[in-house]
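The values are calculated or read from the model by the stated rules, or taken from the named source; none is laboratory data. All of these numbers come straight from a predicted model, not from anything done at the bench. Positions of Cβ are backbone-derived with ideal geometry, glycine not excepted, and every protein chain shown enters the neighbour counts. For the accessible areas, the whole protein counts, side chains as well, though only heavy atoms, and no ligand, DNA or RNA atoms are used. Shrake-Rupley method; radii C 1.70, N 1.55, O 1.52, S 1.80 Å.
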Amino acid sequence: MNPNFNPSLKPVENFDAYNDAENLQNAIKGVGTDSKTLINILCRRTDDQRIKIVKAYSQLFNKNLQHEIISGITGNFQNVLFGLLTPKNEFYANEIYEVLSSKSKILDLIVDVLCLMTNKEINDISNAYQRLYDKSLEQHMREQLSGHFENMLISLAEGKRIENPMDEKNAFQVDARLLKEAINRIFKDEAKIVEVFGCRSTEHLKLMAKEYEAIKGVSLEDDIKSKFHGCFKDALLLRLNPESQCKHFSRRLHRSMAGIGTNDSTLIRICISRCEIDMNDIKAEFQSKFSESLMSFIKGDTSGNYKKALLALCGEATD
Ligand SMILES: [Ca+2]
């Protein structure tokens, strides 16, 4: 856990996996399901604790907890609990597979995963991908995606990013000059841009950005904001400033709910994936940017047990 960030979900004290497993069994065994108990246990335990509950349940009842719970509920409430009971690497592998298999191929999720995770984390997701879909993540991306930006995502998926600063002392100066050329041409040299942003370490990119500003007189961040758009822009900014993630996710959450309808899969994914990392910081960013709380947005766009489950993940106290 990064001490600089404030999660909405923390390990519960006096945790007893067997006790939780028994209470879950009582909640699902009768006629109907005691949803309140499902929420109070599954949405208020960390991933590590849920894994222990699944194990305890299997020892006590010789059954698969995910299967037992999912069969008694429906809709988005089911999607939330299914996500919570799926090991993290498989959760991301499933979500990425859906994007790559869809017609629209909206790449937001893939940008979030590949730009913010370490090579090791990406590698673990790739292994899960291979196991679940009998195909490597990289291979599936190559089959389904084309273009310079997409190539940048593929090189991140290959774990080619250098995580230590580069050996050559002046490499960032060379990159800054090349990038200045590449970005400011009438037809941007996207191949060069994605090579730099797909393979260099964060430290290198930061040194390069300073140099860029010194020689261009405009910050690299401002140039990216004015010259790129959509997922490409998001990806470049996240690689340049991974610490801006809270702002980034607050915008994603806002977009998932603002206006008519709700992008439930984005909403669920961000709540599940950020609650143990930085959800309280995201909530603060959301409030300051949109002058309304994330919780009130969630209340407006969701209902019933689905709503209660998301609010619990985002830190609302037990009712
Ligand atoms: Ca809405």
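Taken over the range 46-72, the criterion of being aliphatic (A, V, I, L, M) and either in contact with a helix residue (DSSP H, G or I) (Cβ under 7 Å, 6 or more places away or on another chain) or surrounded by fewer than 13 Cβ atoms within 10 Å (Cβ to Cβ) (or both) is satisfied by ILE53, VAL54, ALA56, LEU60, LEU65, ILE69, ILE70.
Which of the helices (runs of 4 or more DSSP H) contained wholly in the range 149-218 include at least 1 residues that are within 23 Å of the chain's Cα centre (by Cα) and among the polar types (S, T, N, Q)?
On the way: elements: 171-184, 190-199, 202-216.
Here the list reads 202-216.
Scanning the range 280-300 for residues that are closer than 10 Å to SER250 by Cβ, in contact (Cβ under 8 Å) with a residue 40 or more places away in the chain and more than 15 Å from the ligand (Cβ to nearest atom) yields ASP281, LYS283, LYS289.
Of all residues in the range 219-276, those that are without any contact (Cβ under 8 Å) to a residue 12 or more places away in the chain, away from the ligand (no atom under 16 Å from the Cβ) and over 27 Å from PRO3 (Cβ atoms) total 7. If only residues of the range 5-45 that are over 17 Å from LEU84 (Cβ atoms) and touching a residue at least 60 places away in the same chain (Cβ under 8 Å) are counted, the one that is least open to solvent (accessible area, probe 1.4 Å) is PHE5. For the range 271-306, what are the residues that are buried (at least 20 other Cβ atoms within 10 Å of the Cβ) and either farther than 24 Å from ASP47 by Cα or under 13 Å from the mean Cα position of the chain (by Cα) (or both)? Listed by number, the residues that qualify are CYS271, ILE272, SER273, ARG274, CYS275, ILE277, ASP278, MET279, ILE282, GLU285, PHE286.
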